[in-house]
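Note sheet for the following structure.
Just so it is clear, none of the values below were taken in a lab; they were calculated from the coordinates. What you are looking at is a predicted structure, and each value in this text was computed from that prediction instead of being measured. All Cβ positions, even for glycine, are placed from backbone atoms using ideal geometry, and neighbour counts span all protein chains on display.
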Amino acid sequence: MKQSKPILAILTVLALLVTCSGCTAGRPAKGPVTVTLWHVYGGQTDSPLNDLIDQFNQTVGAEEGIRIQVTSVSNTNTIHEAVLASANSQPGASELPDLFISYPKTVLAMPDSSVLVDYRDYFSQEELAEFIPSFLDEGVIDGRQVILPVAKSTEIMFINKTAYDAFSAATGVQLSELSTWEGIFRQAKEYYDWTDAQTPDVPHDGKIFFVHDYHFNYFQVGVESLGEAFFDGDTLAFGPQFTAAWEPYAETALSGGIWLQGGYATEPLRTGDSIVSVASSASVLYYSNVVTYEDNTSEEVELIAMPCPVFENGEKLVIQRGGGFCTVKSTPEREQAAVTFLKWLTDPQRNVEFVTNVGYMPVKQESFDVYLPTAIEALDDPKYVELYKAFLETQENYTFYTMPQVDTYLDLETRFEKGVRLQLTSGRREYLDSGEDPAVLDQLIQDCYQNFKNTYQK
C-alpha cells in the first residue's frame, strides 16, 4: 500500500503529458512572419523584383518562416505621397508597410523619422563596409542609417553615334573630346555652324547639339567639382565658380547649342533634334535605336553611352540617384525578417542579377569587380551593354556626389529649372533678333545671369 502513491503520481504525469500532446497536435502551427513591401521596380504583374521575391519566398523565406508580400508597385512620387499620408495619419491613408522605397526627401518630410529602423542595429560594420560608401552615406539621416541602397542610378551621356559620325567625318571632331564640358560646348557651337551652313538660303537654322535632363544637376555637381559649395544653408551660394559654370553654358545655349525646351532628354534624341544628351541612367528604357524626324521619316541609329562629362580642372564627380529601402519599426521578428530579405537581395551576385534587369547599378564593390563584367557579356540589348560599360568606367574613375539634406531642395530645384529655361530662352530670342551679333551675345550672357539670380533670390 505504501507504493501506491508513487505509482499513482507517475500515472497522473503520464496522463497529463498525453493530454498536452493532444492539445498541441490539435492547434495550428505558427505561420510565417509576413513583411509588406512597396516598391517601384516594374508593374504589378511584370516586375523583376517581384520575380526575385517569389524566389526568396520559395527558398530562404520558406526555410526561415518569412514571407514578403508586395502590396504596391508604383512610382517614386506616388510612394512619396503615400508614405507621407500614412506617416501623418491622414484620413483614408494606408498603414505604412514594413518596407518601402524612399529617397532622403521622403524621410526628411516625415513628421518623425524615428519610426524607421537604424540598419546599424542589424548590419555589422563588416557587412556595411561591403557597400559603396557614398551610396550608404546618402541614406544617413540624423546620424542613423535609415535608407539601405539596393539599386542606384547616375547620370550617363547617351549619343546618337550615327549622326555624330557624319558630323565627325565632315569636321574632324572626336568622341574623346566629349569627356569634358569644355569639349561639349566647343562641339555644340561647331555643330550649330555646320548644320546651319547646309542650308545657306535659310539663315540661323543650325541644329541643337546637346540636351541635359536637369540643368540644376549640371550646376550643382559642376560647382562642387570645382571646389566650391553650391548650397548656402537652405538656398544657393552663387559663388565665383557658379559664374564660371554659367558663362560657357549660357553662351552655348544662347548660340543655339543647348536644348532649352521642357520634357526629358530622351525626346530630342528620338526626334533627331539633338544628338548628345546627359540623363539619368534609368532613362535608358526610353531611348530608341530609331529616330523619327519631323517629316515622319525614320532612321535606325547606333546609340552609345559614355560617363558624364566633367570640367577640365574639376574633380570627377557625378550625381547619384535611385532610392533605397526603409524598414518601419514593428516587432523584432518582423524587423529581422525584413533585414533578412534585404541582405539576400544585396548579395553581390544576386544584386547584379536584379539591377541588370531594371537598368540600375549594383550597390556593393564586389558586384562591380566580380559579377557585373560577366553579366554584361550575357546582355542581348546593345544599348544596355553600352550602359553597363559606362557604369563600370564611372564607378572606377568617378566619385558619387551625395546631395545635401536640405529641406528646401525640391523647391530650389524646381525654381532653378524653370528660371534657367526662362532666362536663356528669352536671351536666345534676343540674340537671334540681333542677327547673332557677337557683341550682343557677351552682354546677354551677363544680363541673363543677373536676371536669373535676382529673380531666384526674391
Positive-pole candidate from F209, P332, W259, dipole of the chain, charges at beta carbon: P332
When the convex hull of its Cα atoms is projected in every direction, mean area for region 349-403 (nm²): 3.9 nm²
The chain: angle of helix 382-397 to the longest principal axis, Cα-based, in degrees nearest 10: 90 degrees
Environment charge at L317 (Cβ cut-off 11 Å; Lys +1, Arg +1, Asp -1, Glu -1): -2
Spread of Cα-to-Cα distances over 5 Å intervals beginning at zero, given as percent, for region 170-299: 2, 10, 17, 20, 20, 15, 8, 5, 3, 1, 0
Span per principal axis, largest first, for the Cα atoms of region 243-303 (Å): 39, 28, 20
Where N is the number of residues in region 312-381, Cα Rg divided by 2.2 N^0.38 Å: 1.42
Diffusion constant of region 410-458 at 4 °C, which comes from Stokes-Einstein with the Kirkwood Cα-pair radius and 1.567 mPa s, µm²/s: 115 µm²/s
Set K161/K189; K152/K389; K189/K383; K105/K152; K316/K364; K105/K418 screened for pairs whose C-alpha atoms are more than 25 Å apart: K189/K383
Overall Cα dimensions of region 128-173 - principal axes, largest extent first, Å: 56, 20, 13
Environment charge of S277, counting only residues whose C-beta is closer than 11 Å and scoring Lys/Arg +1, Asp/Glu -1: -3
Peptides 385-391, 438-444, 250-256 ordered by average Cβ neighbours within 10 Å, highest first: 250-256, 385-391, 438-444
Taking all pairs of distinct alpha-carbon atoms in region 81-148, Kirkwood radius in angstrom: 12.9 Å
Whether region 222-343 is rounded, prolate or oblate, judged on the alpha carbon gyration tensor where a/c under 1.5 counts as rounded: oblate
Sites Q261 and K329, calculated FRET efficiency, Cβ-Cβ separation with R0 56 Å, nearest 0.05: 0.80
Separation in nanometres of the label points that stand 7 Å from Cα toward Cβ, at K453 and L432: 2.8 nm
Separation of the D112 and S298 label points, Cα + 7 Å toward Cβ, nm: 5.6 nm
Ordering of 220-227, 293-300 by packing [mean C-beta count within 10 Å, highest first]: 220-227, 293-300
Spread of Cα-to-Cα distances over 10 Å intervals beginning at zero, given as percent, for region 342-441: 13, 27, 18, 22, 14, 6, 0
Cα pair distances of region 65-183 binned at 10 Å [whole percent]: 10, 30, 24, 14, 14, 7, 1
Compactness relative to 2.2 N^0.38 Å, alpha carbon Rg of the chain: 1.25
Rg/Rh (Cα only; Kirkwood hydrodynamic radius) as it applies to region 202-259: 1.09
Debye intensity ratio in log₁₀ form over the Cα atoms of region 146-212, taken at each q of 0.13, 0.18, 0.27 Å⁻¹: -0.46, -0.72, -1.30
Charge sum, other residues only, whose C-beta stays under 14 Å from V70's C-beta, Lys/Arg counted +1 and Asp/Glu -1: -3
CD proxy at 222 nm, helix term only [per DSSP H run n ≥ 4: -39500 (n - 2.57); per residue of the chain; nearest 500]: -14500 deg cm²/dmol
